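Worksheet: the structure to be examined is printed underneath.
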Amino acid sequence: MKIKTKKQNEDGIVKLETSGEIKEILINEDFMHPDDASIAVCFRGKSSSGILELTPKEIESIYEVIGKKLHLFKDIKIFRG
């Protein structure tokens with residue numbers, strides 16, 4: 001997994017890139033407030049780690065977009081001449 005992000009600070013824009021593998025996926029549910037549920041993707045790299053938190057609505061949106069384009073990844077053949 002690769003992550004690229006930008007952040008504004010006093011010196012300007014700072015770009016950060018890191019990579020790692022997904023270690024755990026947590027589903028945070030709140031029975032009293034079901035709208036506050038979230039999905040946390042925990043990752044760890046050689047010199048970095050982090051958590052990406054998504055709402056169920058964001059997960060559904062990602063799933064919908066990927067579902068439409070998933071056929072592009074199937075049966076890919078590379079011809080070298």
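Within region 7-34, can you find the residues that are closer than 17 Å to Glu53 by Cα and touching a strand residue (DSSP E or B) at 6+ places or on another chain (Cβ under 8 Å)?
Within region 7-34, Thr18, Ser19, Gly20, Glu21, Ile22, Lys23, Glu24, Ile25, Leu26, Ile27, Asn28 meet the criteria.
Can you tell me which residue within region 1-46, out of those that are of a type in the set (Gly, Ala, Ser) and not in a strand (DSSP E or B), is nearest to the chain's Cα centre (by Cα)? Even if it seems obvious, please write down each step before you answer.
Within region 1-46, the first condition is being of a type in the set (Gly, Ala, Ser), and the residues that meet it are 12, 19-20, 37-38, 40, 45.
From what is left, the residues that are not in a strand (DSSP E or B) are 20, 37, 45.
Working: Gly20: 12, Ala37: 17, Gly45: 14 Å.
The residue in question is Gly20.
Rule-based calculations on the coordinates, nothing more; no lab input. Remember, it's a predicted structure, so these values are computed and weren't measured experimentally. Cβ atoms come from the backbone with ideal geometry, glycine included; neighbour counts cover every protein chain shown.
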